[in-house]
Amino acid sequence: MKLATFTHARSTRIGVVVGDEVVDLSTAAPHLPTEMKAFLAAGADALAVARAAEADGPRIALSDVELEAPVRNPQKFLGAGLNYADHIEETGFERPKYPTFFNKQSSCVHAPFAPVWLPRDERRLTDYEGELAVVIGRRCRRVPKDRAAEVIAGYTIVDDVSQRDWQRRAVTMTLGKSWDTHGPMGPWIVTGDEVGDPHDLDLKTWVNGELRQDSNTKHMIFDCFDQVATLSTVCTLEPGDVIATGTPSGVGVAMEPKQFLQPGDRVRIEIARIGAIEHEFVDEPETTTLI
Ligand code: ZN
């Protein structure tokens, strides 16, 4: 099942994507929460209702809706650093002994097809990172690796957009990973049963039609289940938490010469059995001093 958050007729709600249409759960099952975190927190019963609606609920053409980030306000948005052997090689860092995580502030969550800002007044060192992301489905703590699949609602795609100079100013990387709009995700959550093995998915990233990243999630060093086990050892994971699981080789900063994103560049990230997200990079508007 593909769970989406969409805006239609000025209202934002959730639905189930079927082909090129979306079943509007707010009309198919009006008692269900209309926001993804609350829906996931409602558990197996809510999922069963959504599955039933998938077959015969009222549908809207995807071309008539705006797809939003499937989880618009995750309590946690974490990224795994240096988690593909080929990416470690291109960066020249050592292979980590333990999974490495950093925070992306949840305010950077962004719709999958919306324009992404190149920061104003900064050197143009903005880069893409195509990644498979885990979306947590159940409140959990100290989840053993062999039970991690039980707490994962599904998988989505994240562009872990990175401002490379700010990223390197501090070991936490937080400020380089958290610029507004730098967390495009979607286009939906594909539930674990439909994805099957999350560690055998082709992952490709193009910039203006040029293939830059061409890998497979089987090359992760710490897989999705390792990551859930590690994080949940430390903190309670909540429905809707998003974990971007790391990027393979082919990022712009590792190219020779280095390639950073310019206004008008289009990044497309495709992951097998999930779909694709695509966004244009534009100059940050000048109207954001006070909101
Ligand atoms: Zn990343």
For W188, the lone unmet condition from (1) surrounded by fewer than 24 Cβ atoms within 10 Å (Cβ to Cβ); (2) closer than 23 Å to F281 by Cα; (3) modelled with pLDDT of 95 or more is (1)
Go through the stretch 55-88 and count every residue that is more than 16 Å from the ligand (Cβ to nearest atom), modelled with pLDDT under 95 and surrounded by fewer than 18 Cβ atoms within 10 Å (Cβ to Cβ).
3
Please count how many residues of the stretch 233-248 are within 13 Å of the ligand (Cβ to nearest atom) and either touching a Lys or Arg at 6+ places or on another chain (Cβ under 9 Å) or without any contact (Cβ under 8 Å) to a residue 40 or more places away in the chain (or both).
3
List the strands (runs of 3 or more DSSP E) inside the stretch 204-284, counting only whole elements, that have at least 1 residues being among the hydroxyl-bearing types (S, T, Y).
210-216
Please work out which one of (1) out of contact with any Pro (no Cβ under 8 Å at 6 or more places or on another chain); (2) among the aromatic types (F, W, Y); (3) under 19 Å from F113 (Cβ atoms) is the condition W179 fails and give its number.
(1)
Per the filter on the stretch 199-212, residues in contact with a helix residue (DSSP H, G or I) (Cβ under 9 Å, 6 or more places away or on another chain) and either modelled with pLDDT under 95 or within 27 Å of S107 (Cα to Cα) (or both) are L203, V207
Please enumerate the residues belonging to the stretch 12-28 that are touching a helix residue (DSSP H, G or I) at 6+ places or on another chain (Cβ under 8 Å) and surrounded by fewer than 17 Cβ atoms within 10 Å (Cβ to Cβ).
V18, D20
Filter result (more than 16 Å from the ligand (Cβ to nearest atom), over 30 Å from T233 (Cα atoms) and in contact (Cβ under 8 Å) with a residue 40 or more places away in the chain) within the stretch 112-143
P112, F113, A114, P115, W117, L118, P119, R120, E122, R123, R124
Say whether the condition of being closer than 29 Å to S215 by Cα, in a helix (DSSP H, G or I) and either of a type in the set (D, E) or in contact (Cβ under 8 Å) with a residue 60 or more places away in the chain (or both) is met by at least one residue in the stretch 34-49.
no
Take the residues in the stretch 111-137 that are touching a strand residue (DSSP E or B) at 6+ places or on another chain (Cβ under 8 Å) and of a type in the set (K, R), then tell me which one is modelled with the highest pLDDT.
R120
When residues of the stretch 149-179 are limited to those that are under 25 Å from G137 (Cα atoms) and in a loop (DSSP other than H, G, I, E, B), the one nearest to the ligand (Cβ to nearest atom):
D160
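The values are calculated or read from the model by the stated rules, or taken from the named source; none is laboratory data. Here the structure is a predicted model, which means the values were calculated and not measured. Counting neighbours? That spans all protein chains shown, and the Cβs are built from the backbone with ideal geometry, glycine included.
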